[in-house]
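Report on one structure; see the data block that follows.
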Amino acid sequence: MNDPDAYKIIIVGAGPTGLSTALHLARRLPSLTKEILILEAAEHPRPKLCGGGVTFHGEEQLHRLGLQIDVPAFTINRLLFRLGGLDFTVPFPHAMRIIERRLFDAAIAEAVTAVGLKVHSNEKLLDMQPVPGGMQLQTNRGHYRAQIVVGADGANSMVRRRLHITGQPGVARLLRVLTPIVPEENEGWQAQTAVFDFSCIQHGIQGYSWDFPCLIEGKPFMNRGMFDSRVTPEQPRGNLKQVFFAQLANQHVNLEHVQLEGHPVRWFHPQATFARPHVLLAGDAAGVDPLFAEGISYGMEYGAIVARQIEDAFARNDFRFQNYKAMLQKDRLGRLLKRRAFIARHLFSYHWPQMVAFIWRLATVAPLKIQHAFGSFLGLLPPYRTAV
Ligand SMILES: Cc1cc2nc3c(=O)[nH]c(=O)nc-3n(C[C@H](O)[C@H](O)[C@H](O)COP(=O)(O)OP(=O)(O)OC[C@H]3O[C@@H](n4cnc5c(N)ncnc54)[C@H](O)[C@@H]3O)c2cc1C
């Protein structure tokens, strides 16, 4: 391709998904490195609303990419699960780290440019149309053509919108506040605990709230949020903001001083549309976890699958991507997300409150080994045999 505005592959979005896709592609198809362009609407380090929790699964994905992302982080050694007055705690050293997305994503972006991949910052995709042999893209700076477009542009994906995919379920709402804390007075900080509180399901919220101790610009904070998956949209819906604020008030958070922020997450539905000829969707643009809204690790895992699909497309000279959905479903990513979706649908619909309370009570008295095994079944912790 001699035309300077024509690329073999254009990745839209330089979050964990787009960056991981680029790095996997550079490994699989090194001869194409110069023919890949990443378009990013913002410029790293850019803000991204998030809980900042990187699970062991996320660390695994970084390891696969050969990346060591050493950014300031708060280490979590205990996971606490709560429903009403019932708590159980699963201790596990380095179960998670809580990072600042701004710094974490920027560090991955640095690794991407270090291998010679091209990122155009402050360049936003505005429109995309099919043309013979690929797609035509219009940004705030110019026009491009690409044989393949990867939509890694998040939950409000423009690539997805331009594919005119309609009538598909799957958008969760999340609210978050950051509150400064005094470490000596904060139990969660002292015990290095991440709290997952599912009590809001009793108020019509199909999700949970989190309390993650963290560092913001080196200062101690609590990252608090509430997730409403809406995996069963037919259920009566609680008022997310009201329930979240009531919970914050219970935690003695001064509501006058919090800055409330919200952002959606699209969750994975195995029957959703993930591709069209010459276009693949990945990460939040395609769908991530409906149980915890975990998307950093899944986004990076999508990157590996997308790179395999693209390698195969060039090998067969077939860019229809007809088996991408089947590949996603068969992959560990799809199997784990389907498992989480199953639990999410049953727990969040809250059809049988007494049954849920009974199972929860059993979990609180179960031996640690069983609690841990459940954590690893959900992909939150490594398999029990490698633990401790
Ligand atoms: C409140 C909240 C808390 C969360 N907490 C966690 C957590 O603790 N752990 C976890 O694993 N996940 C969490 N998630 C989910 C996680 O943030 C996402 O799943 C993850 O960021 C998805 O990565 P991505 O690369 O697909 O999308 P994004 O991270 O959203 O990246 C998309 C990129 O595309 C760019 N972009 C967007 N539109 C365009 C355009 N038109 N042109 C060019 N570029 C564009 C954006 O600027 C952005 O850089 C949370 C989400 C929310 C909302």
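Residues that are of a type in the set (Gly, Ala, Ser) and either in contact with a Lys or Arg (Cβ under 8 Å, 6 or more places away or on another chain) or more than 9 Å from the ligand (Cβ to nearest atom) (or both) within the range 54-83 comprise Gly66, Ala73, listed in sequence order.
The residues on offer are Phe342, Phe314, Phe319, Phe377, and the sole one that is touching a His at 6+ places or on another chain (Cβ under 7 Å) and open to solvent by 10 Å² or more (accessible area, probe 1.4 Å) is Phe319. When the strands (runs of 3 or more DSSP E) confined to the range 87-163 are screened for residues that are out of contact with any Phe, Trp or Tyr (no Cβ under 8 Å at 6 or more places or on another chain) and near the ligand (Cβ under 10 Å from one of its atoms), those reaching at least 3 such residues are found at 125-131.
Checking every residue in the range 244-252 against the condition of being within 15 Å of the ligand (Cβ to nearest atom) and either open to solvent by less than 20 Å² (accessible area, probe 1.4 Å) or under 30 Å from Gln322 (Cβ atoms) (or both) gives at least one match. Can you confirm whether the range 134-151 contains a residue that is open to solvent by 20 Å² or more (accessible area, probe 1.4 Å) and touching a Gly at 6+ places or on another chain (Cβ under 9 Å)? Among the residues of the range 134-151, at least one is open to solvent by 20 Å² or more (accessible area, probe 1.4 Å) and touching a Gly at 6+ places or on another chain (Cβ under 9 Å), which makes the answer yes. Can you list residue pairs whose Cβ atoms sit under 8 Å apart, with the first residue in the range 154-181 being free of Cβ contacts under 8 Å to residues at least 40 places away in the same chain and the second being surrounded by fewer than 20 Cβ atoms within 10 Å (Cβ to Cβ)? Count only pairs 6 or more apart in sequence or on different chains. These pairs meet every condition: Arg162/Asp127; Arg162/Gln129.
Only residues that are touching an Asp or Glu at 6+ places or on another chain (Cβ under 8 Å), among the hydrophobic types (A, V, I, L, M, F, W, C) and within 11 Å of the ligand (Cβ to nearest atom) were counted in the range 29-53, giving 3. Checked against (1) crowded, with 17+ Cβ neighbours inside 10 Å; (2) within 19 Å of Ala172 (Cβ to Cβ), Ala304 passes all but a single condition, namely (2). When Tyr324 is tested against the conditions (1) over 30 Å from Gly84 (Cα atoms); (2) under 27 Å from the mean Cα position of the chain (by Cα); (3) open to solvent by 60 Å² or more (accessible area, probe 1.4 Å), the lone failure is (3).
The values are calculated or read from the model by the stated rules, or taken from the named source; none is laboratory data. Keep in mind the model is a prediction, meaning the values are calculated, not measured. In this analysis, Cβ positions are derived from the backbone assuming ideal geometry, glycine residues included, and neighbour counts consider all displayed protein chains. Accessible surface is based on the protein model in full, side chains and every heavy atom, while ligands, DNA and RNA are left aside. Shrake-Rupley method; radii C 1.70, N 1.55, O 1.52, S 1.80 Å.
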